[in-house]
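Below is one structure, written out as structure tokens, with a few remarks after it.
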Amino acid sequence: MPRKHDELYWLTRNRHGVYCATWYDEDTRQTRQRSLGTTDLRAAQAELIQFQATHYRPRDAEPEDVELTQIWLWYWDEHGSKRPTGADSLHAHLTRLGEWWAGRAVADLTHDRQKQFRDAMIGGWGRWKPCAPGYAQRILHTMRAALNHAYKAGRLRTVPHIKVPDPAKPSDWGLSQELENAERLDYVATPQEIRRFLEAVRGDPQRAHIETVLWLLLSCVRPEALLQLRWEQIDLRARVMDTRGNREETKKRRAKLPIPTAARDHLMTLSRAPTPTEVLERFKIDEARATCVVRRATQHAGRDVLLPITTVKRGWAAARSLAELPREFTPRMFRHFAGTRMAAAGVPLLQVDYMLGHAIPSTTKRYVHLSPDHLREARDALDEWHSVIVGEASGGASREEK
């Protein structure tokens, strides 16, 4: 009978000197091996970690027996890496979780440890800068989703409760109301602020792509869909763009959107020529992105070319700073801006729901109070009753005078 090991997998060497992943199979009650294809110890140790992450699938394990790193790896391997959108954001969340909770088990997710983690996110640690409560909330949601994923797969017997404070209440995060990095979730830019931002990017070839991003945001295109939008999805003659394209539909709905006049005029000034193949190969960019709408001018082989980009964070932040706008002036804010403006203009909420791509009607209801016809029938009914009361009161006073 094989000797006992505390580890689930360990290293052994075969007769050729090649390291193998070794484990005890409880079903067959035998020791099994799988070659790792290397004779180098350090390389074998790294391969063993990857092998365990890929193959270890417990059943109803106790929280103290499963490391959190394993939870994050399962979630990424089985869910995150296959997501049609948002994979980059999820990877960033899991990376931060992996560094903080390295070497800890699920049972270590106590309330005190969770509070320490929340404080570290808000205050920053190591190479990580302080983050706003809203972003910290999204990381905690990822943590909870990864744990629930393992629980539903039958790998954990129980999962601890993950407390997710409300980002709109800085005190829940141990912050004061006046703290500068607390998000103003109700912030909506004014037309004057947007005009200042537009003036800051116009006339600068290096920021021309930021102006394109701005007009697409003002047309209700989701921020995560901007850099995936291609010219074949846009029909300037019919003034419509299909933001979904060939993408698999998710709860983050994308629809065919009308193109406003100012946005159409801007798009008509852009080049529709695809990025040359040699440029894509030089910068290691997928050839499918050759016809992206949002592209940045760059120098290649002594000539100007349009290069597809993967992020606008740095360019956007630089333009925002140049226009002296608050840090809440982000691409995500424009969805709230569009919903607010459409509702205030009396656009039916069904149309607002479609333009913003909301899968849940209650999401759109946050704008209902801004509609000029909001509760008009209820107000009219109250006015009618008030007029009766006022009339009776006036009649009673007249009789008393007589």
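Here is the figure for segment 33-52: residues that are of a type in the set (Val, Ile, Thr) and either assigned to a loop (DSSP other than H, G, I, E, B) or exposed (fewer than 12 other Cβ atoms within 10 Å of the Cβ) (or both) total 2.
Just one residue in the set ALA102, ALA107, ALA92 is surrounded by fewer than 20 Cβ atoms within 10 Å (Cβ to Cβ), touching a helix residue (DSSP H, G or I) at 6+ places or on another chain (Cβ under 7 Å), part of a helix (DSSP H, G or I) and of a type outside the set (S, T, N, Q); that residue is ALA107. Has segment 240-260 got at least one residue that is under 21 Å from SER219 (Cβ atoms), among the β-branched types (Val, Ile, Thr) and buried (at least 17 other Cβ atoms within 10 Å of the Cβ)? Yes: segment 240-260 contains one or more residues that are under 21 Å from SER219 (Cβ atoms), among the β-branched types (Val, Ile, Thr) and buried (at least 17 other Cβ atoms within 10 Å of the Cβ). Specify the residue that is nearest to ARG113 (Cα to Cα); the eligible residues are those in segment 149-176 that are within 19 Å of the chain's Cα centre (by Cα) and exposed (fewer than 15 other Cβ atoms within 10 Å of the Cβ). Filtering first and then ranking leaves ASP166. Out of HIS369, HIS374, HIS336, one residue alone is under 18 Å from GLU193 (Cβ atoms) and either modelled with pLDDT under 85 or among the acidic types (Asp, Glu) (or both). It is HIS336. Across segment 291-314, the qualifying residues are those that are hydrophobic (A, V, I, L, M, F, W, C), assigned to a loop (DSSP other than H, G, I, E, B) and out of contact with any Asp or Glu (no Cβ under 9 Å at 6 or more places or on another chain), and the one among them that is modelled with the lowest pLDDT is ILE309. In this structure, ALA288 does not qualify as in contact with a strand residue (DSSP E or B) (Cβ under 9 Å, 6 or more places away or on another chain), in a loop (DSSP other than H, G, I, E, B), surrounded by fewer than 16 Cβ atoms within 10 Å (Cβ to Cβ) and aliphatic (A, V, I, L, M). Residue by residue through segment 337-351, note down the ones that are farther than 15 Å from LEU217 by Cα and part of a helix (DSSP H, G or I). Within segment 337-351, ALA343, ALA344, LEU349, LEU350, GLN351 meet the criteria.
One residue stands out in segment 315-336 among those that are assigned to a helix (DSSP H, G or I) and hydrophobic (A, V, I, L, M, F, W, C): the one that is surrounded by the fewest Cβ atoms within 10 Å (Cβ to Cβ), namely ALA317. Among the residues making up segment 114-133, those that are touching a residue at least 24 places away in the same chain (Cβ under 8 Å), assigned to a helix (DSSP H, G or I) and buried (at least 17 other Cβ atoms within 10 Å of the Cβ) are GLN114, ARG118, MET121, ILE122, PRO133. Scanning segment 262-277 for residues being assigned to a helix (DSSP H, G or I) and either of a type in the set (Gly, Ala, Ser) or without any contact (Cβ under 8 Å) to a residue 12 or more places away in the chain (or both) gives a total of 3.
Applying the set (1) modelled with pLDDT of 85 or more; (2) in contact with a strand residue (DSSP E or B) (Cβ under 7 Å, 6 or more places away or on another chain); (3) of a type in the set (Asp, Glu) to GLU328 leaves exactly one unmet item: (2).
Looking across segment 58-77, the residues that are out of contact with any strand residue (DSSP E or B) (no Cβ under 9 Å at 6 or more places or on another chain), surrounded by 13 or more Cβ atoms within 10 Å (Cβ to Cβ) and in contact (Cβ under 8 Å) with a residue 60 or more places away in the chain come down to TRP72, TRP74, TYR75.
The values are calculated or read from the model by the stated rules, or taken from the named source; none is laboratory data. Note that this is a predicted model, so its numbers are computed, not measured. Note that we place each Cβ from the backbone using ideal geometry, even for glycine, and neighbour counts take in every protein chain shown.
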